[in-house]
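For reference, the structure is listed below as structure tokens.
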């Protein structure tokens, strides 16, 4: 390899992220929504004073130097990076901000109806409806396995609850259109 190619390769590797070609994230990446209690590491390239760890307060806001308070709940990591970068641009020349969720707050979901142990459960990571049913001790003999659904806030334009089918039979049977969906913070699973 020629010296010119090696030098150009080193320059590209040393360039800040915004100077390199950006590829869009693959489908499904970057969809995590930040919630109260999450811990975020904020890195500002070449600025140690602005690189710090912040916790999302119960009201959904973070406190950050020069920016003051910023509402981050229900935002993606990419949204928060962009908003911090835009806010810091008033004080820092060409800031490059990276945000990493280093600790995910407990994911709280409720399950009501005909399960052995209805209640509210704190989850530690990605969890499906079948996982929550297992935590709740399973269905009672009077439950309607094909009537199970999730109530999820904010899934409709008016901000009301969205109803998502989570039929047990299709979740455990191959080829029947899997309805074993991942639960989100604040979901309420109803077992009629």
(request) Consider residue 138 carefully, then state whether it is in the same structural domain as residue 169 (by TED's automatic domain parsing) and either surrounded by 15 or more Cβ atoms within 10 Å (Cβ to Cβ) or over 20 Å from residue 38 (Cα atoms) (or both). (result) yes
(message) Tell me whether the stretch 29-39 contains one or more residues that are part of a strand (DSSP E or B), within 14 Å of the chain's Cα centre (by Cα), within 26 Å of residue 186 (Cα to Cα) and at pLDDT below 95.
(response) yes
(request) Name every residue in the stretch 42-75 that is outside any strand (DSSP E or B) and touching a strand residue (DSSP E or B) at 6+ places or on another chain (Cβ under 7 Å), in order of residue number. (result) 50, 51, 56, 60, 72
(request) Select from the stretch 100-132 the residues that are at positive phi and surrounded by fewer than 17 Cβ atoms within 10 Å (Cβ to Cβ) and list them in ascending order. (result) 119
(request) All but one of (1) free of Cβ contacts under 8 Å to residues at least 40 places away in the same chain; (2) closer than 30 Å to residue 108 by Cα; (3) assigned to a helix (DSSP H, G or I) hold for residue 84, so report the exception by its number. (result) (1)
(message) Here is a check on your reading of the model: is residue 151 farther than 26 Å from residue 62 by Cα, in a strand (DSSP E or B) and assigned by TED's automatic domain parsing to the domain that holds residue 183?
(response) yes
(request) Look through the stretch 47-66, keep the residues that are in contact (Cβ under 8 Å) with a residue 24 or more places away in the chain and more than 20 Å from the chain's Cα centre (by Cα), and return whichever of them is surrounded by the most Cβ atoms within 10 Å (Cβ to Cβ). (result) 50
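Looking at the structure I just gave you, is residue 152 modelled with pLDDT under 95 and buried (at least 16 other Cβ atoms within 10 Å of the Cβ)? Explain how you work it out, then say what you get.
Details: modelled with pLDDT under 95: yes; buried (at least 16 other Cβ atoms within 10 Å of the Cβ): yes.
It is true that residue 152 is modelled with pLDDT under 95 and buried (at least 16 other Cβ atoms within 10 Å of the Cβ).
The values are calculated or read from the model by the stated rules, or taken from the named source; none is laboratory data. Since we're looking at a predicted model, the values are computed, not measured. Positions of Cβ are generated from backbone atoms using ideal geometry, with glycine treated the same way; all protein chains shown enter the neighbour counts.
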